[in-house]
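Trainee: Here it is, the structure in full.
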Amino acid sequence: QPQLVESGGGLVQAGGSLRLSCAASGSIFSINDMGWYRQAPGKQRELVASITSGGSTNYAESVKGRFTISRANAEKTVYLQMNSLKTEDTAVYYCNADLRIVVLGTILDRDYWGQGTQVTVSS
């Protein structure tokens, strides 16, 4: 069963940096788009950044110029470098990936989520 495991969250002061990692494991044929979402208390989950298998990226306006998404295809890992963090970046960050898997000889594209990692930015 494929899974996504995140790491790198924690507590940081405003203006600081954190780097999140998300590694995919299990029986995976290939990985399509990967991305990071976040959910703050009382708010809906929102897209932070995404990256295609070819390396094209997309960012939420609120993080442009501060966050950078990247991926290492050979390691099946996606990263989120977060700089100049603000208190409003505080949230649980979730990794998301569109995984191509093989089930009983059939190739399927399935959406997977990580368990989430807490990022807290203090003032």
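Trainee: Accessible area of the chain with a 1.4 Å probe: how many percent of it is carbon plus sulfur?
Mentor: Carbon and sulfur together cover 47 percent of it.
Trainee: Also, quick follow-up: Would you mind telling me the antiparallel percentage of the DSSP bridges in the chain, rounded to 5?
Mentor: Beta bridges within the chain, antiparallel portion: roughly 90 percent.
Trainee: So, with +1 on the Cβ of K and R and -1 on the Cβ of D and E, and no other charges, what is the size of the charge dipole of the chain about its Cα centre, to the nearest 20 debye?
Mentor: Dipole magnitude for the chain comes out near 140 debye.
Trainee: Here's a follow-up. So if I take the centroid of the Cα atoms in region 95-123 and the same for region 1-18, what is the distance between those two points in Å?
Mentor: Their Cα centres are 15 Å away from one another.
Trainee: Using bins 10 angstrom wide from zero, how does P(r) for region 1-58 break down, in % of all Cα pairs?
Mentor: 17, 43, 33, 7
Trainee: Using a Gaussian network for the chain with springs between C-alpha atoms less than 10 Å apart, which of these wobbles most: T77, T87, T106?
Mentor: With Cα springs under 10 Å in the chain, the top fluctuation among T77, T87, T106 is at T106.
Trainee: I need the chymotrypsin sites (Phe, Trp or Tyr not before Pro) found in region 1-38, filtered to DSSP loop residues with at most 13 other beta carbons within 10 Å of theirs.
Mentor: Numbers: sites: F29, W36, Y37; in loops: F29.
Filter output for region 1-38: F29.
The values are calculated or read from the model by the stated rules, or taken from the named source; none is laboratory data. Keep in mind it's a predicted model, so treat the numbers as computed, not measured. So basically every Cβ, Gly included, is an ideal-geometry build from the backbone, and we count neighbours across all protein chains shown. Note: areas computed on protein heavy atoms with side chains; ligands, DNA, RNA excluded. Shrake-Rupley method; radii C 1.70, N 1.55, O 1.52, S 1.80 Å.
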